[in-house]
Amino acid sequence: MRKGNVGFTDSFAYMKDGEVWLKDMYIKEFEHGSYNNHDPLRLRKLLLKKEEIRKIDKAISQKGYSLVPLKLYFKNGRAKIEMGLAIGKKLHDKRETIAERDAKREMDRASKNR
């Protein structure tokens, strides 16, 4: 993790049985490890206090909200993850983003052909 071999682009956290789990966070296997190495995409349990778990559960239970990792850092030799509450895009927002992307692609094609 210290080398930066971590990716959390598609990762998210969810509640299960009163615990918070992080899914789809990629941590590269240890290069000098043996057959006993970990799975790079395994579920990871987040260690939180009961009050933090209650707050997260209340926030995630609302429709359209999800918990996503924002930042990974080390503090006193332990890896910490900064989490954030995210709101999913509405359908009209998605259409707008797709239209903008298509327009940009067309402009790039036109400028290349000149």
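The values are calculated or read from the model by the stated rules, or taken from the named source; none is laboratory data. Everything quoted here is computed from the prediction, not taken from an experiment. Ideal geometry is used to build each Cβ from the backbone, glycine not excepted, and the neighbour counts take in all protein chains shown.
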| request: List every residue pair whose Cβ atoms sit under 6 Å apart, with the two residues 6 or more apart in sequence or on different chains, where the first one lies in region 15-30 and is modelled with pLDDT under 90 and the second, anywhere, is of a type in the set (Phe, Trp, Tyr) and part of a loop (DSSP other than H, G, I, E, B). | output: 25/8
| message | I'm trying to understand the selection: among the residues of region 48-80, which are of a type in the set (Val, Ile, Thr) and in contact with a Phe, Trp or Tyr (Cβ under 8 Å, 6 or more places away or on another chain)? | response | 60, 68
| query | What number of residues in region 58-74 are free of Cβ contacts under 8 Å to residues at least 40 places away in the same chain and not polar (S, T, N, Q)? | reply | 8
| remark: How many residues of region 2-43 are at positive phi and either surrounded by fewer than 12 Cβ atoms within 10 Å (Cβ to Cβ) or not in a loop (DSSP other than H, G, I, E, B) (or both)? The answer is 3
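Taking the criterion of being under 18 Å from residue 88 (Cα atoms), surrounded by 11 or more Cβ atoms within 10 Å (Cβ to Cβ) and not hydroxyl-bearing (Ser, Thr, Tyr), would at least one residue in region 44-56 satisfy it? Steps first, please.
First, the residues of region 44-56 that are under 18 Å from residue 88 (Cα atoms): 56.
Right, trim to surrounded by 11 or more Cβ atoms within 10 Å (Cβ to Cβ) and you get 56.
Next, only the ones that are not hydroxyl-bearing (Ser, Thr, Tyr) stay: 56.
Taking every residue of region 44-56 in turn, at least one turns out to be under 18 Å from residue 88 (Cα atoms), surrounded by 11 or more Cβ atoms within 10 Å (Cβ to Cβ) and not hydroxyl-bearing (Ser, Thr, Tyr).
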| message | Which of the numbered conditions does residue 64 fail, given that it passes all the others? Conditions: (1) closer than 23 Å to residue 17 by Cα; (2) at pLDDT 90 or above; (3) loosely packed, with under 10 Cβ neighbours inside 10 Å. | response | (2)
| field | Filter pass, residue 75 being loosely packed, with under 10 Cβ neighbours inside 10 Å and charged (D, E, K, R) | value | yes
| Does region 84-95 contain any residue that is surrounded by 11 or more Cβ atoms within 10 Å (Cβ to Cβ), more than 16 Å from the chain's Cα centre (by Cα) and at pLDDT 85 or above? | yes
